[in-house]
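The values are calculated or read from the model by the stated rules, or taken from the named source; none is laboratory data. Here the structure is a predicted model, which is why all the values come from computation and not from measurement. Glycine gets a Cβ as well: all are built from the backbone with ideal geometry, and neighbour counts include every protein chain shown. Heads up: the accessible areas ignore ligands, DNA and RNA and are worked out on the full protein's heavy atoms, side chains in. Shrake-Rupley method; radii C 1.70, N 1.55, O 1.52, S 1.80 Å.
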Amino acid sequence: MPESHDGATLVIGVRAPITISSPRGGCDNEETMDAIRVRGGKALKGRVRISGAKNAALPILCATLLSDGESRLRNVPALRDIDTTAALLRFLGRNVRVNAPEVVVDAGKDVRPEAPYELVKLMRASVLVLGPLLARFGRAKVSLPGGCAIGARPIDQHLKGLEAMGAKISLERGYVIAEGPNGGGRLRAAEIVFDLPTVTGTENLMMAAALAKGRTSLFNCAREPEVEELGRVLNKMGAEVDGAGTDVMHIKGKEPGDLLPFDHAIIPDRIEAGTYMIAAAMMEGSDVLVEGAEVQDLEALVLKMRMAGVEVGTKGQSIRIRRNGPLKAVNVTTAPHPGFPTDMQAQFLVLMSRAKGESMITETIFENRFMHVPELHRMGANITLRGRTAAVEGVERLYGASVMATDLRASASLIIAGLAADDETEVRRVYHLDRGYEHIEEKLGGLGATIERVKGAEG
Ligand code: EPZ
């Protein structure tokens, strides 16, 4: 029997077919086996405009579960992960219209607080519905995300925080079963210290605390710009989030039903911007203007690129990249923001594969984020892995080859390597890329790169 929860009807356990529309048209339940071919050796020139931030859009779309009415998100990139999130929200009972760069989410009548494995397996960030569902509807059933190419990626910090807010959490058959206090009641405010800064962990608890009874304090929070952006949207909805973007946050919860829908244009994607900055720096003679980027969100990268001998000019929301000399080897250690972003590690490593001398690239966030290295070996790169450090000895030339993408940022790094390699590089399994880069071949083509997508190359 469906239960009611402040006006929305809860539907438990009913299964419905899941359809995900693809940013490239048609349905896309299965990963497309497209490849991208790049012919290297050309300096890049011109302007490239940066799209909205994937890692800001995902939590903000999940935050629409906290209110009724119609919420509108602007500057949303056309990406697979956006379509997967839309499919998830529809499965939960929302009406969602995706018309990039705009997404409109309207509260349907029936809410089914369940995120099925079929969707969560496509995108780990689906776990971001857990906090809002539990806070708004008193219960949630969310598939455990499981492992990922770059690491184990547990969600213990998410669950520990929700339990501190009074939730009863159990794991059954691969699902997190969560219930509010006293059989589905409202969460209670709490003081929560994260054992380590976690981006989606912080975001999940921010959304849960926005409807909890009392004032929640979060310590050792992630400080990423995407976390700060979620704080801005929650405040627009009427929540009281103080300190988003710092390591300590205080959130005064509102009554379920009191948070308002929003209309918001999201921040630009700093990782997409960083990717084009590196792509431009791969070839001498390049001169590229990266437009619509938040420079202050890229300080660590700008610093390291300047140390490597790349000319990086910043003006307003634009970053100019010029390269007129050899690259110098620079060491990098990834860290939570404002440190060097792990999502730029693979791309920077490729830049160092052409530098004079040896650079040490140390990955401290994920335990298995060097899957691009064996593929770069196929292109003639000289890289030795020692635990969580890659010792990169710069080489004169990279050679075109067929290589395999393994995860989102690794695939971007292989495309970038192809831009500097002799002859042709074919990057396979680019469905990883489509999860996080909007129209990459058109954008690079616009800068003069010789690049094309080969549909169903591995049919
Ligand atoms: C976010 O993932 C991003 N994803 C990732 O971007 C990014 O690499 C990562 O933050 C780090 O910056 C989204 O925002 C959707 P974490 P998230 O929780 O939140 C450990 C991309 O390429 N940990 O900050 O999943 C975890 O294993 C993607 O766009 C726990 O141990 O990352 C990792 O070692 C890839 N327990 C570290 O913390 C927990 O409960 C940081 O992970 C949570 C995390």
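Tabulated values for the structure
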read-out	value
Among (1) of a type in the set (S, T, Y); (2) in contact with a strand residue (DSSP E or B) (Cβ under 6 Å, 6 or more places away or on another chain); (3) within 16 Å of the ligand (Cβ to nearest atom), the one test that T275 misses	(2)
Residue in the range 419-435 that is more than 24 Å from F370 (Cβ to Cβ), within 22 Å of the chain's Cα centre (by Cα) and either at pLDDT 95 or above or not in a helix (DSSP H, G or I) (or both) present	no
Identity of the residue in the range 219-234, away from the ligand (no atom under 14 Å from the Cβ) and over 17 Å from the mean Cα position of the chain (by Cα), that ends up surrounded by the fewest Cβ atoms within 10 Å (Cβ to Cβ)	F219
Meets criteria (surrounded by fewer than 23 Cβ atoms within 10 Å (Cβ to Cβ) and aliphatic (A, V, I, L, M)) for V96	yes
Conditions (1) assigned to a helix (DSSP H, G or I); (2) more than 23 Å from the chain's Cα centre (by Cα); (3) within 16 Å of the ligand (Cβ to nearest atom); number of the one not met by A178	(1)
Test result for V38, in contact with a strand residue (DSSP E or B) (Cβ under 6 Å, 6 or more places away or on another chain) and modelled with pLDDT of 50 or more	yes
Odd one out for V288 among (1) open to solvent by 30 Å² or more (accessible area, probe 1.4 Å); (2) outside any helix (DSSP H, G or I)	(1)
Residue match in the range 238-247 (condition: in contact with a strand residue (DSSP E or B) (Cβ under 9 Å, 6 or more places away or on another chain), surrounded by fewer than 24 Cβ atoms within 10 Å (Cβ to Cβ) and under 26 Å from A78 (Cβ atoms))	no
From the options E311, E272, residue that is open to solvent by 30 Å² or more (accessible area, probe 1.4 Å) and either farther than 30 Å from M165 by Cα or free of Cβ contacts under 8 Å to residues at least 60 places away in the same chain (or both)	E311
Any hit, the range 218-235, residues being on the phi < 0 side of the Ramachandran plot, at pLDDT 95 or above and in a strand (DSSP E or B)	yes
Sole residue being over 15 Å from P181 (Cα atoms), touching a residue at least 60 places away in the same chain (Cβ under 8 Å) and either surrounded by fewer than 24 Cβ atoms within 10 Å (Cβ to Cβ) or touching a His at 6+ places or on another chain (Cβ under 8 Å) (or both), chosen from I155, I150	I150
Yes/no for S126 being open to solvent by less than 10 Å² (accessible area, probe 1.4 Å) and within 10 Å of the ligand (Cβ to nearest atom)	yes
Filter result (away from the ligand (no atom under 11 Å from the Cβ) and of a type in the set (D, E, K, R)) within the range 328-345	K328
The range 346-388: number of residues that are within 16 Å of the ligand (Cβ to nearest atom) and either assigned to a strand (DSSP E or B) or open to solvent by 10 Å² or more (accessible area, probe 1.4 Å) (or both)	12
For L61: the one exception among (1) within 15 Å of the ligand (Cβ to nearest atom); (2) touching a Ser or Thr at 6+ places or on another chain (Cβ under 8 Å); (3) touching a residue at least 60 places away in the same chain (Cβ under 8 Å)	(3)
Residues located in the range 143-162, provided they are within 9 Å of the ligand (Cβ to nearest atom) and within 21 Å of the chain's Cα centre (by Cα)	P145, C148, I150, G151, A152, R153, P154, I155, D156, Q157, H158, L159
Any hit, the range 394-409, residues being open to solvent by less than 30 Å² (accessible area, probe 1.4 Å), in a helix (DSSP H, G or I) and at pLDDT 95 or above	yes
Among (1) open to solvent by 30 Å² or more (accessible area, probe 1.4 Å); (2) part of a helix (DSSP H, G or I), the one test that R320 misses	(2)
Set R173, R136, R90, R188: member being crowded, with 21+ Cβ neighbours inside 10 Å and away from the ligand (no atom under 13 Å from the Cβ)	R136
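For (1) farther than 22 Å from G146 by Cα; (2) β-branched (V, I, T); (3) within 20 Å of the chain's Cα centre (by Cα), each residue gets a yes or a no:
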{"site": "G46", "(1), (2), (3)": "yes, no, no"}
{"site": "L58", "(1), (2), (3)": "no, no, yes"}
{"site": "A87", "(1), (2), (3)": "no, no, yes"}
{"site": "R94", "(1), (2), (3)": "yes, no, no"}
{"site": "V98", "(1), (2), (3)": "yes, yes, yes"}
{"site": "D106", "(1), (2), (3)": "yes, no, no"}
{"site": "A115", "(1), (2), (3)": "no, no, yes"}
{"site": "E118", "(1), (2), (3)": "no, no, yes"}
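Conditions tested, residue by residue: (1) within 20 Å of P341 (Cβ to Cβ); (2) without any contact (Cβ under 8 Å) to a residue 60 or more places away in the chain; (3) within 19 Å of the chain's Cα centre (by Cα).
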site: A164; (1), (2), (3): no, yes, no
site: A167; (1), (2), (3): no, yes, no
site: P197; (1), (2), (3): yes, no, yes
site: G201; (1), (2), (3): yes, yes, yes
site: N204; (1), (2), (3): no, no, yes
site: S217; (1), (2), (3): no, yes, no
site: K236; (1), (2), (3): no, yes, no
